[in-house]
1. Condition check: exposed (fewer than 15 other Cβ atoms within 10 Å of the Cβ), part of a helix (DSSP H, G or I) and not hydrophobic (A, V, I, L, M, F, W, C). Does residue 15 satisfy that?
2. Let me spell it out: the conditions are (1) surrounded by 12 or more Cβ atoms within 10 Å (Cβ to Cβ); (2) touching a Phe, Trp or Tyr at 6+ places or on another chain (Cβ under 9 Å), and residue 166 meets all of them except one. Which number is the exception?
3. Confirm whether residue 56 is closer than 13 Å to residue 165 by Cβ, assigned to a loop (DSSP other than H, G, I, E, B) and at pLDDT 95 or above.
4. For region 9-52, name all the residues that are over 27 Å from residue 123 (Cα atoms), among the hydrophobic types (A, V, I, L, M, F, W, C) and out of contact with any Ser or Thr (no Cβ under 7 Å at 6 or more places or on another chain).
5. Answer yes or no as to whether residue 79 is among the aliphatic types (A, V, I, L, M), under 16 Å from residue 118 (Cβ atoms) and modelled with pLDDT under 95.
6. So, of the residues in region 129-157 that are part of a helix (DSSP H, G or I) and within 16 Å of the chain's Cα centre (by Cα), which turns out to be farthest from residue 26 (Cα to Cα)?
7. Name every residue in region 107-128 that is in a helix (DSSP H, G or I) and within 30 Å of residue 56 (Cα to Cα), in order of residue number.
Amino acid sequence: MTAKIHSLWLLPAADDEAMMAALVGELSGRFGTPIFAPHLTLRGDTPTPPAALERAVAEAAATVEAFAEPVAVVEGSDAFFRSFYARFAVSSPLAKLKRALDPDSLDSFMPHVSLLYGPVVAAAKAEAIREVNARLAGRSIRFDRIGVVTSGQDVPIAEWRVVAQASLRSA
């Protein structure tokens, strides 16, 4: 039996989650790409047992207040899971969470919320990125909880599930 793979996601507050989920759905319909829950990955693809991840998430969440971060820019790449995304600066709360949950990857941390997965026609994607950047750049997204998620590069997107979560401290 293979170990279940999990990731740790920073999740947007309900209103921002709904807005971003609608955007993921809109782009999915436009480009025929998978639908997924919007999230900011703090740590990906770890075989660490869920109970240990739940403890780590609860400890980290207790040290950071719920916070809002402005979208720096909407951009794209050729990477499947970063085809089209809203990028954020590495702010103090994001760095603190990353340091607590995945310190070995802090130097390469590029906080972002993907909006589309997979390859799409470059010109059409570039136009969509311009459109979405006009809508999102500078808009603050509030984050209020961390999820332990059955997800990873080798787990089908349709099977990704939040199995536990911890709320960030109230302001």
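1. yes
2. The number of the failed condition is (2).
3. Criteria not met by residue 56.
4. Selection gives 10, 11, 13, 14, 18, 42, 51, 52.
5. On the way: among the aliphatic types (A, V, I, L, M): yes; under 16 Å from residue 118 (Cβ atoms): yes; modelled with pLDDT under 95: yes.
Criteria met by residue 79.
6. 157
7. 107, 108
The values are calculated or read from the model by the stated rules, or taken from the named source; none is laboratory data. Bear in mind that the values here come from a model prediction, so they are computed numbers and not experimental data. All Cβ positions, even for glycine, are placed from backbone atoms using ideal geometry, and neighbour counts span all protein chains on display.
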